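Everything on this sheet refers to the single structure shown next.
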Amino acid sequence: MEDGDRPAAQPPASRRALTPRALAERAKSLALETGFDLAGVSRAEAPRELAFFAEWVARGYAGTMAYLSSQAQRRGDLRVAFPWARSVLSVALQYDTPHPYSTEAPRDRGWVARYAWGDDYHDVMKARLDTVMARLTQEIGPFRARAYVDTGPIAERAYAASAGIGAWGKNTCLLHPEQGSWFFLGEAVTDLDLEPDTPRPDMCGSCTACLDACPTGAFPAPYVLDATRCISYLTIEVKGGIPEAQRQGIGRHVFGCDICQDVCPWNRRRRRGGEEAFEPRPGLVAPDLAELASLDAAAFSERFRRSPVKRARRRGLLRNVAVALGNSGDPNLRPLLEHLARDEDPVVQEHALWALQRLLG
(Lines give C-alpha, C1' and ligand atoms only; values in the text may rest on other atoms or scores of the structure.)
Protein backbone atom coordinates (compact mmCIF):
# COMPACT_ATOMS: atom_id res chain seq x y z
CA MET A 1 0.00 0.00 0.00
CA GLU A 2 1.29 3.44 -0.86
CA ASP A 3 0.68 6.71 0.96
CA GLY A 4 -2.55 8.19 -0.37
CA ASP A 5 -0.90 11.47 -1.39
CA ARG A 6 1.78 9.98 -3.63
CA PRO A 7 1.24 8.84 -7.22
CA ALA A 8 0.98 5.08 -7.48
CA ALA A 9 3.63 3.29 -9.51
CA GLN A 10 2.75 1.67 -12.81
CA PRO A 11 0.90 -1.52 -11.82
CA PRO A 12 2.76 -4.75 -12.53
CA ALA A 13 1.69 -6.94 -15.41
CA SER A 14 0.31 -9.52 -12.98
CA ARG A 15 -2.24 -6.98 -11.67
CA ARG A 16 -3.14 -5.70 -15.12
CA ALA A 17 -4.13 -9.26 -15.96
CA LEU A 18 -6.66 -9.35 -13.10
CA THR A 19 -10.23 -8.31 -13.80
CA PRO A 20 -12.07 -5.89 -11.46
CA ARG A 21 -14.13 -8.85 -10.29
CA ALA A 22 -11.06 -10.94 -9.47
CA LEU A 23 -9.44 -8.04 -7.63
CA ALA A 24 -12.59 -7.41 -5.62
CA GLU A 25 -13.02 -11.06 -4.70
CA ARG A 26 -9.40 -11.30 -3.57
CA ALA A 27 -9.65 -8.16 -1.45
CA LYS A 28 -12.82 -9.45 0.22
CA SER A 29 -11.30 -12.89 0.77
CA LEU A 30 -8.28 -11.36 2.47
CA ALA A 31 -10.57 -9.33 4.71
CA LEU A 32 -12.45 -12.45 5.81
CA GLU A 33 -9.19 -14.38 6.29
CA THR A 34 -7.91 -11.57 8.51
CA GLY A 35 -10.88 -11.94 10.84
CA PHE A 36 -13.60 -9.61 9.60
CA ASP A 37 -17.12 -11.03 9.52
CA LEU A 38 -18.31 -9.18 6.42
CA ALA A 39 -16.65 -7.50 3.44
CA GLY A 40 -18.06 -5.70 0.42
CA VAL A 41 -17.09 -3.26 -2.31
CA SER A 42 -18.68 -0.04 -3.54
CA ARG A 43 -17.74 2.61 -6.05
CA ALA A 44 -16.10 5.75 -4.69
CA GLU A 45 -18.94 7.84 -6.13
CA ALA A 46 -21.24 9.14 -3.40
CA PRO A 47 -24.12 6.75 -2.63
CA ARG A 48 -27.54 8.26 -3.28
CA GLU A 49 -28.29 8.59 0.47
CA LEU A 50 -25.55 11.18 0.81
CA ALA A 51 -27.55 13.63 -1.28
CA PHE A 52 -29.48 14.22 1.97
CA PHE A 53 -26.39 14.75 4.13
CA ALA A 54 -26.06 18.52 3.66
CA GLU A 55 -29.77 18.96 4.39
CA TRP A 56 -29.43 16.75 7.49
CA VAL A 57 -26.70 19.03 8.77
CA ALA A 58 -28.69 22.16 7.82
CA ARG A 59 -31.64 20.93 9.88
CA GLY A 60 -29.37 20.98 12.92
CA TYR A 61 -29.48 17.22 13.39
CA ALA A 62 -25.68 17.05 13.80
CA GLY A 63 -25.83 19.26 16.88
CA THR A 64 -22.40 20.28 18.14
CA MET A 65 -20.55 17.60 16.18
CA ALA A 66 -18.37 20.01 14.24
CA TYR A 67 -16.43 17.16 12.64
CA LEU A 68 -19.67 16.49 10.73
CA SER A 69 -21.11 19.95 10.20
CA SER A 70 -17.83 21.57 9.17
CA GLN A 71 -17.09 18.80 6.66
CA ALA A 72 -20.45 18.47 4.96
CA GLN A 73 -18.95 18.70 1.49
CA ARG A 74 -16.13 16.24 2.23
CA ARG A 75 -18.45 13.76 3.92
CA GLY A 76 -21.04 14.16 1.21
CA ASP A 77 -18.61 12.68 -1.34
CA LEU A 78 -15.29 11.12 -0.31
CA ARG A 79 -13.77 12.05 -3.68
CA VAL A 80 -13.53 15.63 -2.40
CA ALA A 81 -10.87 14.41 0.05
CA PHE A 82 -9.59 11.59 -2.17
CA PRO A 83 -9.92 12.65 -5.82
CA TRP A 84 -7.89 9.62 -6.87
CA ALA A 85 -10.34 7.13 -5.30
CA ARG A 86 -12.10 4.58 -7.48
CA SER A 87 -13.38 1.98 -5.01
CA VAL A 88 -14.10 1.44 -1.32
CA LEU A 89 -13.61 -1.84 0.50
CA SER A 90 -15.96 -1.91 3.50
CA VAL A 91 -15.57 -4.40 6.34
CA ALA A 92 -17.61 -5.29 9.42
CA LEU A 93 -16.81 -7.01 12.70
CA GLN A 94 -19.45 -8.41 15.06
CA TYR A 95 -19.25 -7.21 18.68
CA ASP A 96 -22.34 -8.64 20.37
CA THR A 97 -21.56 -11.04 23.21
CA PRO A 98 -23.97 -13.33 25.12
CA HIS A 99 -25.00 -10.97 27.90
CA PRO A 100 -28.34 -9.30 28.72
CA TYR A 101 -29.70 -6.48 26.62
CA SER A 102 -30.41 -3.14 28.27
CA THR A 103 -34.11 -3.92 28.11
CA GLU A 104 -33.47 -7.00 30.30
CA ALA A 105 -30.89 -5.69 32.79
CA PRO A 106 -31.67 -4.73 36.43
CA ARG A 107 -33.36 -1.33 36.56
CA ASP A 108 -31.34 -0.12 39.56
CA ARG A 109 -28.06 -0.26 37.62
CA GLY A 110 -26.51 2.01 35.02
CA TRP A 111 -25.99 1.16 31.37
CA VAL A 112 -22.94 1.36 29.12
CA ALA A 113 -23.51 0.79 25.41
CA ARG A 114 -22.63 -2.72 24.31
CA TYR A 115 -19.96 -1.60 21.85
CA ALA A 116 -17.93 -0.07 24.69
CA TRP A 117 -17.74 -3.13 26.95
CA GLY A 118 -14.48 -4.52 25.62
CA ASP A 119 -11.30 -3.28 23.97
CA ASP A 120 -11.30 -0.14 21.84
CA TYR A 121 -12.63 -1.23 18.46
CA HIS A 122 -10.54 1.40 16.66
CA ASP A 123 -7.36 -0.46 17.63
CA VAL A 124 -8.72 -3.92 16.82
CA MET A 125 -10.20 -2.97 13.45
CA LYS A 126 -7.43 -0.68 12.19
CA ALA A 127 -4.73 -3.28 12.78
CA ARG A 128 -6.67 -5.81 10.71
CA LEU A 129 -7.41 -3.37 7.90
CA ASP A 130 -3.73 -2.49 7.68
CA THR A 131 -2.95 -6.21 7.46
CA VAL A 132 -5.42 -6.65 4.61
CA MET A 133 -3.88 -3.78 2.67
CA ALA A 134 -0.36 -5.04 3.31
CA ARG A 135 -1.19 -8.55 2.13
CA LEU A 136 -2.91 -7.24 -0.97
CA THR A 137 0.13 -5.10 -1.76
CA GLN A 138 2.37 -8.15 -1.49
CA GLU A 139 0.21 -9.97 -3.99
CA ILE A 140 -0.53 -7.30 -6.62
CA GLY A 141 2.06 -4.58 -6.09
CA PRO A 142 1.74 -1.01 -4.78
CA PHE A 143 -1.47 0.99 -4.98
CA ARG A 144 -3.03 3.98 -3.27
CA ALA A 145 -5.17 3.32 -0.23
CA ARG A 146 -6.28 4.90 3.01
CA ALA A 147 -7.79 2.79 5.79
CA TYR A 148 -10.11 4.22 8.43
CA VAL A 149 -12.17 3.05 11.37
CA ASP A 150 -14.64 5.75 12.34
CA THR A 151 -11.94 8.41 11.96
CA GLY A 152 -11.81 9.63 8.37
CA PRO A 153 -14.00 12.11 6.44
CA ILE A 154 -16.20 9.27 5.23
CA ALA A 155 -19.89 8.53 5.82
CA GLU A 156 -19.02 4.90 6.37
CA ARG A 157 -22.55 3.53 6.79
CA ALA A 158 -23.57 4.91 3.40
CA TYR A 159 -20.65 3.26 1.63
CA ALA A 160 -21.10 0.03 3.59
CA ALA A 161 -24.77 -0.07 2.62
CA SER A 162 -23.82 0.49 -1.00
CA ALA A 163 -21.36 -2.41 -0.67
CA GLY A 164 -24.08 -4.77 0.55
CA ILE A 165 -22.74 -5.03 4.10
CA GLY A 166 -26.22 -4.32 5.43
CA ALA A 167 -29.57 -2.75 4.62
CA TRP A 168 -30.54 0.57 6.17
CA GLY A 169 -32.67 0.14 9.27
CA LYS A 170 -35.28 2.66 10.35
CA ASN A 171 -32.98 3.44 13.30
CA THR A 172 -30.24 4.33 10.74
CA CYS A 173 -28.13 1.31 11.72
CA LEU A 174 -27.28 -1.28 9.08
CA LEU A 175 -29.00 -4.67 9.27
CA HIS A 176 -27.65 -8.04 8.18
CA PRO A 177 -29.73 -11.24 8.29
CA GLU A 178 -27.04 -13.18 10.21
CA GLN A 179 -25.18 -10.41 12.03
CA GLY A 180 -28.11 -8.22 13.05
CA SER A 181 -26.83 -4.66 13.57
CA TRP A 182 -24.20 -5.33 16.22
CA PHE A 183 -21.11 -4.76 14.10
CA PHE A 184 -18.35 -2.21 13.72
CA LEU A 185 -17.49 -0.75 10.33
CA GLY A 186 -14.21 0.16 8.68
CA GLU A 187 -13.15 0.94 5.14
CA ALA A 188 -10.22 1.23 2.80
CA VAL A 189 -10.45 3.88 0.09
CA THR A 190 -8.38 2.83 -2.90
CA ASP A 191 -7.50 3.67 -6.47
CA LEU A 192 -7.99 0.04 -7.49
CA ASP A 193 -10.80 -0.69 -9.92
CA LEU A 194 -12.87 -3.21 -7.95
CA GLU A 195 -16.19 -4.59 -9.09
CA PRO A 196 -18.90 -3.28 -6.74
CA ASP A 197 -21.37 -5.42 -4.84
CA THR A 198 -25.15 -4.97 -4.84
CA PRO A 199 -26.93 -3.19 -1.98
CA ARG A 200 -29.27 -5.30 0.15
CA PRO A 201 -33.04 -4.89 -0.10
CA ASP A 202 -35.04 -3.35 2.73
CA MET A 203 -35.27 -5.55 5.83
CA CYS A 204 -37.60 -3.45 8.02
CA GLY A 205 -40.90 -3.73 6.20
CA SER A 206 -43.72 -2.39 8.36
CA CYS A 207 -41.82 -2.86 11.66
CA THR A 208 -41.47 0.27 13.82
CA ALA A 209 -40.11 -1.34 17.00
CA CYS A 210 -37.02 0.88 17.14
CA LEU A 211 -38.95 4.08 16.47
CA ASP A 212 -41.54 3.26 19.11
CA ALA A 213 -38.98 2.30 21.77
CA CYS A 214 -36.77 5.40 21.63
CA PRO A 215 -37.37 7.22 24.93
CA THR A 216 -36.25 10.61 23.60
CA GLY A 217 -38.01 10.63 20.22
CA ALA A 218 -34.75 10.83 18.30
CA PHE A 219 -36.27 9.66 15.00
CA PRO A 220 -38.35 12.42 13.36
CA ALA A 221 -39.05 9.99 10.53
CA PRO A 222 -38.09 6.44 9.60
CA TYR A 223 -34.44 6.26 8.50
CA VAL A 224 -33.74 9.77 9.89
CA LEU A 225 -31.91 10.42 13.17
CA ASP A 226 -31.94 13.74 15.00
CA ALA A 227 -28.69 13.24 16.88
CA THR A 228 -29.44 16.09 19.27
CA ARG A 229 -32.21 13.98 20.82
CA CYS A 230 -30.24 10.72 20.86
CA ILE A 231 -29.02 9.41 24.23
CA SER A 232 -25.69 8.39 22.69
CA TYR A 233 -25.14 11.97 21.52
CA LEU A 234 -26.19 13.46 24.85
CA THR A 235 -23.98 11.16 26.94
CA ILE A 236 -20.91 11.07 24.67
CA GLU A 237 -20.79 13.93 22.17
CA VAL A 238 -22.04 16.73 24.42
CA LYS A 239 -18.98 17.89 26.34
CA GLY A 240 -20.49 20.43 28.72
CA GLY A 241 -23.91 20.54 30.30
CA ILE A 242 -26.77 18.39 29.04
CA PRO A 243 -29.88 20.53 28.39
CA GLU A 244 -32.18 20.16 31.39
CA ALA A 245 -35.19 19.33 29.24
CA GLN A 246 -33.40 16.24 27.93
CA ARG A 247 -31.98 14.82 31.15
CA GLN A 248 -35.03 12.85 32.24
CA GLY A 249 -35.15 10.93 28.96
CA ILE A 250 -31.60 9.68 29.47
CA GLY A 251 -32.82 7.38 32.22
CA ARG A 252 -29.98 5.26 33.61
CA HIS A 253 -27.66 5.48 30.61
CA VAL A 254 -24.15 6.62 31.49
CA PHE A 255 -22.43 6.02 28.14
CA GLY A 256 -24.37 5.55 24.94
CA CYS A 257 -27.61 3.66 24.36
CA ASP A 258 -28.65 0.32 22.86
CA ILE A 259 -32.45 0.49 23.05
CA CYS A 260 -33.21 0.86 19.34
CA GLN A 261 -30.97 -2.13 18.61
CA ASP A 262 -32.12 -4.19 21.61
CA VAL A 263 -35.69 -4.21 20.35
CA CYS A 264 -34.84 -4.95 16.70
CA PRO A 265 -36.16 -8.40 15.71
CA TRP A 266 -33.11 -9.02 13.54
CA ASN A 267 -30.84 -8.84 16.58
CA ARG A 268 -32.92 -11.52 18.28
CA ARG A 269 -32.38 -13.75 15.25
CA ARG A 270 -28.69 -13.10 14.66
CA ARG A 271 -26.56 -16.23 14.35
CA ARG A 272 -23.10 -14.87 15.07
CA GLY A 273 -21.40 -13.54 18.19
CA GLY A 274 -18.49 -11.22 18.92
CA GLU A 275 -14.98 -12.34 19.73
CA GLU A 276 -13.04 -12.29 22.98
CA ALA A 277 -11.73 -8.74 22.48
CA PHE A 278 -15.28 -7.45 22.86
CA GLU A 279 -16.21 -9.48 25.94
CA PRO A 280 -17.15 -7.03 28.70
CA ARG A 281 -14.54 -5.85 31.15
CA PRO A 282 -15.45 -6.46 34.80
CA GLY A 283 -18.28 -4.25 36.00
CA LEU A 284 -19.33 -2.80 32.64
CA VAL A 285 -22.50 -4.83 32.06
CA ALA A 286 -25.16 -2.87 33.98
CA PRO A 287 -22.53 -1.11 36.11
CA ASP A 288 -22.94 -0.16 39.75
CA LEU A 289 -23.67 3.57 39.80
CA ALA A 290 -22.13 3.92 43.27
CA GLU A 291 -18.85 2.46 42.05
CA LEU A 292 -18.75 4.79 39.05
CA ALA A 293 -19.60 7.81 41.22
CA SER A 294 -16.50 7.14 43.33
CA LEU A 295 -13.99 7.30 40.47
CA ASP A 296 -11.30 9.95 40.83
CA ALA A 297 -9.13 10.99 37.89
CA ALA A 298 -6.51 8.27 38.44
CA ALA A 299 -9.11 5.55 38.90
CA PHE A 300 -10.98 6.64 35.78
CA SER A 301 -7.80 6.53 33.68
CA GLU A 302 -6.87 3.11 34.98
CA ARG A 303 -10.37 1.66 34.67
CA PHE A 304 -10.93 2.78 31.09
CA ARG A 305 -7.48 2.50 29.54
CA ARG A 306 -7.85 1.32 25.91
CA SER A 307 -11.64 1.45 26.28
CA PRO A 308 -14.12 3.47 24.19
CA VAL A 309 -15.50 4.89 27.46
CA LYS A 310 -12.42 7.07 27.85
CA ARG A 311 -13.84 9.28 25.10
CA ALA A 312 -16.40 10.72 27.53
CA ARG A 313 -13.63 11.62 29.96
CA ARG A 314 -14.21 11.60 33.69
CA ARG A 315 -16.28 14.79 33.55
CA GLY A 316 -18.72 13.35 31.04
CA LEU A 317 -19.07 9.97 32.72
CA LEU A 318 -19.69 11.36 36.21
CA ARG A 319 -22.04 13.98 34.79
CA ASN A 320 -24.02 11.13 33.25
CA VAL A 321 -23.87 9.12 36.47
CA ALA A 322 -25.38 12.09 38.33
CA VAL A 323 -28.24 12.26 35.82
CA ALA A 324 -28.85 8.52 36.12
CA LEU A 325 -28.92 8.76 39.91
CA GLY A 326 -31.40 11.61 39.71
CA ASN A 327 -33.60 9.62 37.36
CA SER A 328 -33.56 6.58 39.65
CA GLY A 329 -36.22 7.95 41.99
CA ASP A 330 -34.38 6.30 44.88
CA PRO A 331 -33.86 8.71 47.84
CA ASN A 332 -31.33 6.28 49.32
CA LEU A 333 -28.91 7.43 46.61
CA ARG A 334 -28.79 10.99 47.93
CA PRO A 335 -25.37 10.49 49.63
CA LEU A 336 -23.84 9.61 46.26
CA LEU A 337 -25.22 12.79 44.72
CA GLU A 338 -24.09 14.88 47.69
CA HIS A 339 -20.62 13.47 47.10
CA LEU A 340 -20.76 14.39 43.39
CA ALA A 341 -22.07 17.86 44.27
CA ARG A 342 -18.71 18.45 45.98
CA ASP A 343 -16.71 17.27 42.97
CA GLU A 344 -13.98 19.57 41.71
CA ASP A 345 -15.55 19.71 38.24
CA PRO A 346 -18.29 22.37 37.97
CA VAL A 347 -20.21 20.41 35.30
CA VAL A 348 -20.40 17.36 37.57
CA GLN A 349 -21.45 19.62 40.47
CA GLU A 350 -24.28 21.24 38.51
CA HIS A 351 -25.72 17.94 37.31
CA ALA A 352 -25.51 16.47 40.80
CA LEU A 353 -27.40 19.43 42.24
CA TRP A 354 -30.04 19.05 39.53
CA ALA A 355 -30.34 15.36 40.37
CA LEU A 356 -30.72 16.09 44.09
CA GLN A 357 -33.57 18.46 43.32
CA ARG A 358 -35.17 15.79 41.13
CA LEU A 359 -35.03 13.27 43.96
CA LEU A 360 -36.51 15.78 46.40
CA GLY A 361 -39.23 16.76 43.96
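From the Kirkwood radius over Cα pairs of the stretch 214-285, Stokes-Einstein at 4 °C and 1.567 mPa s returns a whole-number translational diffusion coefficient of 92 µm²/s. Remark: accessible surface ordering of Tyr115, Tyr101 (largest first) is Tyr115, Tyr101, probe radius 1.4 Å. Helices that extend 15 Å or more along their long axis by alpha-carbon positions and average at least 0.0 on the Kyte-Doolittle scale are, among the DSSP H runs of the chain, 346-360.
Using every pair of distinct Cα positions in the stretch 223-361, the Kirkwood expression returns a hydrodynamic radius of 15.9 angstrom. Largest first, the three principal axis extents of the alpha carbons in the stretch 90-187 are 56, 28, 25 Å in whole numbers.
In percent, rounded to a whole number, the relative contact order of the chain is 22, using alpha-carbon pairs under 8 Å and six or more apart.
Taking a probe of 1.4 angstrom, what is the accessible area of Thr151 in Å², to the nearest 10? Accessible surface of Thr151 is approximately 100 Å². The stretch 132-172 and the stretch 251-290 have their alpha-carbon centroids 25 Å apart. Taking max minus min of the alpha-carbon positions on each principal axis, the chain gives extents of 75, 45, 39 Å, largest first. Per residue, the convex hull around the alpha carbon atoms of the stretch 286-361 comes to 77 Å³. Over all pairs of different C-alpha atoms in the stretch 19-78, the reciprocal of the mean inverse distance, the Kirkwood hydrodynamic radius, equals 13.9 Å. Ligands, DNA and RNA excluded, the heavy atoms of Asp296 present near 80 Å² of accessible surface to a 1.4 Å solvent probe. Distance between the C-alpha centres of the stretch 59-89 and the stretch 326-359: 39 Å, rounded to the whole angstrom.
With q set to 0.20, 0.24 Å⁻¹, the log10 of I(q)/I(0) for the stretch 78-140, from the Debye formula over equal scatterers at the Cα positions, is -0.94, -1.12. Sequence-ordered 3J(HN,Hα) estimates for the stretch 230-236 from the Karplus curve with 6.51, -1.76 and 1.60 and θ = phi - 60° stand at 8, 4, 4, 4, 5, 8, 10 Hz, glycine and proline given as x.
Size estimate for the stretch 147-264 follows the Kirkwood approach: the inverse of mean 1/r over distinct Cα pairs works out to 15.8 Å. Among the cysteines of the chain, those whose beta-carbon sits 4.7 Å or more from every other cysteine beta-carbon are Cys173, Cys204, Cys207, Cys214, Cys230, Cys257, Cys264.
The values are calculated or read from the model by the stated rules, or taken from the named source; none is laboratory data. What you see is a predicted model; the values in this text were computed from it and never measured. Here Cβ is always computed from backbone atoms with ideal geometry, including for glycine, and neighbour counts include all displayed protein chains. The area values use the complete protein model at the heavy-atom level, side chains included, leaving out ligands, DNA and RNA. Shrake-Rupley method; radii C 1.70, N 1.55, O 1.52, S 1.80 Å.
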